[in-house]
Amino acid sequence: MKIYHNPRCSKSRQTLSLIREKGAEVEVIEYLKVIPSDKELSHIIKLLGIKPEKLLRKGEADYKENFKGKTLSDNAWISAMVQYPKLIERPIVVSGNRAIVGRPPENVLALL
């Protein structure tokens, strides 16, 4: 199991705490420090079963300043998230061939 984690985010901390409370082994990836590649992010989005645009944090300054009101292809949105990782919704938990966004944190229970 992997969690794409931002330690400054309360939902991310709560999701990680739930995983640990259940005794699951988890690899913590601080995605703002270790940015996922286009290929890795594409794979995660495929596991989530969503369009890349649905993974965007549209309240972020990077979004408002660079992308608000724009229509991009799926690949362009993925590249934008790699270039501006703060745009990636958090936390994302991947287990095998399944993934969830931990909003709310209890979503992770479906993977445990």
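Being in contact with a Pro (Cβ under 7 Å, 6 or more places away or on another chain), surrounded by fewer than 18 Cβ atoms within 10 Å (Cβ to Cβ), without any contact (Cβ under 8 Å) to a residue 60 or more places away in the chain and of a type outside the set (Gly, Ala, Ser): is that true of ARG13 here? Yes. Each residue in the range 20-33 was checked for being surrounded by 12 or more Cβ atoms within 10 Å (Cβ to Cβ), of a type outside the set (Phe, Trp, Tyr) and assigned to a loop (DSSP other than H, G, I, E, B), and 4 pass. ARG98 - would you say it is of a type outside the set (Gly, Ala, Ser), closer than 12 Å to MET1 by Cβ and free of Cβ contacts under 8 Å to residues at least 60 places away in the same chain? It is true that ARG98 is of a type outside the set (Gly, Ala, Ser), closer than 12 Å to MET1 by Cβ and free of Cβ contacts under 8 Å to residues at least 60 places away in the same chain. Residues of the range 35-58 that are exposed (fewer than 12 other Cβ atoms within 10 Å of the Cβ) and either of a type in the set (A, V, I, L, M) or modelled with pLDDT under 95 (or both): none at all. Answer yes or no: is there a residue in the range 75-88 that is buried (at least 16 other Cβ atoms within 10 Å of the Cβ) and closer than 20 Å to ILE19 by Cβ. Yes - at least one qualifying residue is present in the range 75-88. Pairing residues of the range 60-73 that are within 15 Å of ILE88 (Cα to Cα) and free of Cβ contacts under 8 Å to residues at least 60 places away in the same chain with residues that are among the basic types (Lys, Arg) and surrounded by 11 or more Cβ atoms within 10 Å (Cβ to Cβ), at Cβ distances under 6 Å and at least 6 apart in sequence or on separate chains, gives GLU60/LYS86; ASP62/LYS86.
The values are calculated or read from the model by the stated rules, or taken from the named source; none is laboratory data. On a predicted model such as this, the values are computed, not experimentally measured, just so you know. Using ideal geometry, Cβ is built from the backbone for each residue, glycine included, and neighbour counts are taken over all protein chains shown.
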